[in-house]
Amino acid sequence: MTIETTCDGLRRLGDIYSSIEEVMCLPSNQGCSSQQRKMLDAEMEHSLELLDLCNAMHEDFAELKASSKICKCLSEKEMMQRFKPRSKLTSAW
């Protein structure tokens, strides 16, 4: 899973929430029973918690990616120093 995939998934999830809000505002849904409304509110709350979790994961992946890049750079720098060609000794004639 890449950062781009995660971002795309979060955007799509946001679109779904917008659509749900629109449906909830339709006149046919204004006559929902209080029990149905409570169930819908609970489901929306769980969905928001999931969205928050996805956002936290996205931030963690971004930090992990940055840390990985730093480690890679440090590793490459260390390898270059270890295998740096040694200067040839000049012979005195």
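Can you figure out the FRET efficiency of I3 with E43, using R₀ = 30 Å and their beta-carbon distance, to the nearest 0.05?
Values: r = 28 Å, r/R0 = 0.95.
The formula returns an efficiency of 0.60 here.
Straight-line reach from K84: which aspartates and glutamates have Cα under 20 Å away, leaving out those fewer than 8 places along the same chain?
Within the straight-line limit of under 20 Å, K84 reaches these aspartates and glutamates: E76.
When Lys and Arg each count +1 and Asp and Glu each count -1, what net charge do the other residues less than 12 Å away from E4, Cβ to Cβ, add up to?
Working: positive: R11, K65; negative: D8.
Taking every Cβ under 12 Å from that of E4, the sum is +1.
Any read-out appearing in this document is the output of simple, stated calculations on the displayed coordinates, not a laboratory observation. Note that the structure is a prediction, hence the values are computed from the model and not measured. For neighbour counting, all protein chains shown are included, and Cβ atoms are generated from backbone atoms with ideal geometry for every residue, glycine included.
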